[in-house]
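The values are calculated or read from the model by the stated rules, or taken from the named source; none is laboratory data. Just so you know, these numbers come straight off a predicted model, no measurement behind them. Counting neighbours? That spans all protein chains shown, and the Cβs are built from the backbone with ideal geometry, glycine included.
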Amino acid sequence: MTTTGRRALLMAGAAAGATALVGCTDSSDGGSGTRRPSAAELEAERVARAEAALRLRSVTASRTLLERYDATLSAHPALASRLNPLRRSVAAHAKALGEGGTTASPTPTASAKTSATSSATATATASPVPVRVAADPRTALKELAAAERTTSDRHTTALLTAPSEYARLLASVAAAGAAHAYLLTEGAPA
């Protein structure tokens, strides 16, 4: 379990413990059974949602780059020996950044659940835009290198708001993206 995962688990446990303690106190709402979340619970939920949104943006950027690799490999199979190692690395980055719902967060409020559900549905139903790849292999490599730089820049920008462990991961992925861009343009002839 990663440190970020442990932190989210501890935050969720602390929120659950606080909820249990609050549930043991006398309710001033006349016994209706509803209570307002505490400021700490609201802040924990806000932090968890912000981190989940950051992870989603980071994974989306890496998945978009992975789609470009797939399109380039499909258009230029002769480049497979050069691109496959880089593609595998990008796929590993997407997974490490939180692909597949590995982000944990406290139980959201009803409005947050509705918003998250509608956002997830909109994302899942959006049809992917086909990636256009240049017919010339050298141009296709330059386009792929530009996509690597763009993704690396997005990960670098995300460092500003990322929790420390996730920021280190983003920094590593951004550095790898810069190295990929170099390898695609300067590292070896097409």
Given the conditions (1) at pLDDT 95 or above; (2) on the phi > 0 side of the Ramachandran plot; (3) not polar (S, T, N, Q), every one holds for Val90 apart from (2)
Does any residue in the range 35-51 that is over 20 Å from Ala158 (Cα atoms) come within less than 8 Å, Cβ to Cβ, of a residue that is of a type in the set (Val, Ile, Thr) six or more places away or on a different chain, and which pairs are these?
-> Arg35/Val22; Pro37/Thr109; Ser38/Val22; Glu41/Thr19
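Mind checking which residues of the range 155-177 are in a helix (DSSP H, G or I) and surrounded by fewer than 16 Cβ atoms within 10 Å (Cβ to Cβ)?
Thr157, Ser164, Glu165, Arg168, Ala171, Ser172, Ala175
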Residues that are touching a helix residue (DSSP H, G or I) at 6+ places or on another chain (Cβ under 6 Å) and of a type in the set (S, T, N, Q), drawn from the range 59-88 | Ser62, Thr72
Members of the range 158-175 found to be in contact with a Leu (Cβ under 9 Å, 6 or more places away or on another chain) and of a type in the set (Ser, Thr, Tyr), listed by number = Thr161, Tyr166
Does Ala71 satisfy being within 30 Å of Thr157 (Cα to Cα), aliphatic (A, V, I, L, M), under 26 Å from the mean Cα position of the chain (by Cα) and at pLDDT below 90?
-> no
Test each condition in (1) part of a helix (DSSP H, G or I); (2) at pLDDT below 90 for Thr34 and report the one that comes out false.
-> (1)
Residues of the range 137-190 satisfying the condition of being acidic (Asp, Glu) and at pLDDT 95 or above = Glu143, Glu148, Asp153
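Please work out which residue is modelled with the highest pLDDT, limiting yourself to the range 121-136 and to residues that are among the hydrophobic types (A, V, I, L, M, F, W, C), more than 16 Å from Leu56 (Cα to Cα) and within 24 Å of the chain's Cα centre (by Cα).
Of the range 121-136, the ones among the hydrophobic types (A, V, I, L, M, F, W, C) are 122, 124, 126, 129, 131, 133-135.
So of that shortlist, the ones also more than 16 Å from Leu56 (Cα to Cα) come out as 129, 131, 133-135.
Within this subset, residues satisfying the condition of being within 24 Å of the chain's Cα centre (by Cα) are 129, 131.
On the way: Val129: 73, Val131: 85.
Of everything passing the filter in the range 121-136, Val131 is modelled with the highest pLDDT.
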